[in-house]
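What follows is a single structure, written as structure tokens, with notes after it.
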Amino acid sequence: MRTSWHTATPQQFLEPLGRSVLGLSIAAIGIETVLCAGASSSALGPAHDVIPIVPFIPAVPMLAMIFGAVWALCGACMVSASAAKWASIAFAVTFGFFTVAQIAPIAAQAPYNLSFRTAFFEPLTMAALACLQPAAGLNGNALRIMLRYIVAVALLVFGLDHFLALAAIATLVPPWIPFPAFWVGLFGVAFIATGVAFATRYLFRISVVAISLMFGIWVLTLHLPRTLGYYGIRDAIHDPAEWSSLFIALALCGGFLAVASADVGVDSIGKTS
């Protein structure tokens with residue numbers, strides 16, 4: 001029997017909302033990849049000619065159009081619970097493959113480069129969250145635990161990076177917000193706390209909803225205004241990187257919200273929900 005909106009629990013409401021935001025963000029990344037199929041970038045270094053959008057697939061127009069179309073279709077289908085399973089897995093496999101094949105070797109050669117670390121862990125987290133959301137229907141407890149720990153490690157890295165590069169990241173805080181260093185430190189703590197929650201499942205749901213809210217706030221106060229050319233970002237509305245950052249932040253907002261009600265696996269530490 002279908003649950004009506006006024007009798008739905010918060011978890012039953014948040015999962016489809018998060019899945020829809022995740023799916024539409026993935027669709028937007030796919031469309032942007034198709035639109036930028038003829039472009040190229042040296043985002044991974046001068047020796048690597050790539051499409052200027054995460055996960056930085058090789059700058060081969062036909063390749064970009066094919067996989068951009070695949071991701072756009074996966075994202076659109078993810079909005080529907082009945083089609084989300086195959087769409088989530090197809091997205092995770094292809095997006096994760098290019099993340100590991102393209103970015104991992106570069107990040108491994110420059111482990112202290114924050115940009116490369118972020119470029120690796122952000123799309124990997126998106127792929128893992130797509131499979132961990134309930135609608136993906138992923139079987140295999142061991143696989144869910146592995147994906148959970150991938151997200152946990154990524155969150156810990158994001159958190160530590162906020163302290164290692166506190167001054168640099170503080171410059172990204174909008175000028176109308178006071179005490180930028182404080183907020184960067186607070187965000188770092190939030191990342192680390194959520195990483196621990198993913199690893200131990202302690203206060204899992206509240207941590208995941210909180211981190212989703214944090215990304216949502218970033219979208220509204222940072223990424224969207226930057227993309228529209230505010231905060232002195234010149235010609236940002238035509239910059240693929242700004243749009244890509246906006247869609248990634250939206251995808252992570254939706255992805256974390258979607259897994260808030262998920263059974264993400266049992267291990268010797270955690271307990272089922």
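The values are calculated or read from the model by the stated rules, or taken from the named source; none is laboratory data. Keep in mind that this is a model prediction, so the values were computed, not measured. Quick reminder, even Gly has a Cβ in these numbers, built from the backbone with ideal geometry, and neighbours come from all protein chains shown.
Name the residue, out of Ala81, Ala39, Ala47, Ala92, that is closer than 27 Å to Ala210 by Cα and part of a loop (DSSP other than H, G, I, E, B).
Result of the check over Ala81, Ala39, Ala47, Ala92: Ala81.
Suppose we keep only residues that are of a type in the set (Gly, Ala, Ser) and part of a helix (DSSP H, G or I) within segment 199-231. Which one would you say is nearest to Trp176 (Cα to Cα)?
Gly216
Suppose the filter is closer than 23 Å to Pro123 by Cα, part of a helix (DSSP H, G or I) and at pLDDT 95 or above; does Val157 pass it?
The answer is yes for Val157.
So, in segment 89-146, how many residues would count as being polar (S, T, N, Q), touching a helix residue (DSSP H, G or I) at 6+ places or on another chain (Cβ under 8 Å) and under 22 Å from Met65 (Cβ atoms)?
Adding up the residues that qualify gives 2.
Identify, please: which residue in segment 74-114 is surrounded by fewer than 16 Cβ atoms within 10 Å (Cβ to Cβ) and not hydrophobic (A, V, I, L, M, F, W, C) and is, among those, nearest to Glu15 (Cα to Cα)?
Residue satisfying both the conditions and the ranking: Ser80.
Name the residue, out of His238, His223, His162, that is free of Cβ contacts under 8 Å to residues at least 12 places away in the same chain and either out of contact with any strand residue (DSSP E or B) (no Cβ under 7 Å at 6 or more places or on another chain) or loosely packed, with under 13 Cβ neighbours inside 10 Å (or both).
His238 is the lone residue from the list that is free of Cβ contacts under 8 Å to residues at least 12 places away in the same chain and either out of contact with any strand residue (DSSP E or B) (no Cβ under 7 Å at 6 or more places or on another chain) or loosely packed, with under 13 Cβ neighbours inside 10 Å (or both).
Please state which one of Gly255, Gly265 is small (Gly, Ala, Ser), modelled with pLDDT under 90 and under 18 Å from Gly195 (Cα atoms).
After applying the criteria, what remains is Gly265.
Given the criteria buried (at least 17 other Cβ atoms within 10 Å of the Cβ), free of Cβ contacts under 8 Å to residues at least 40 places away in the same chain and either touching a Pro at 6+ places or on another chain (Cβ under 9 Å) or not hydroxyl-bearing (Ser, Thr, Tyr) (or both), does Ala59 qualify?
When the stated conditions are applied, Ala59 passes them.
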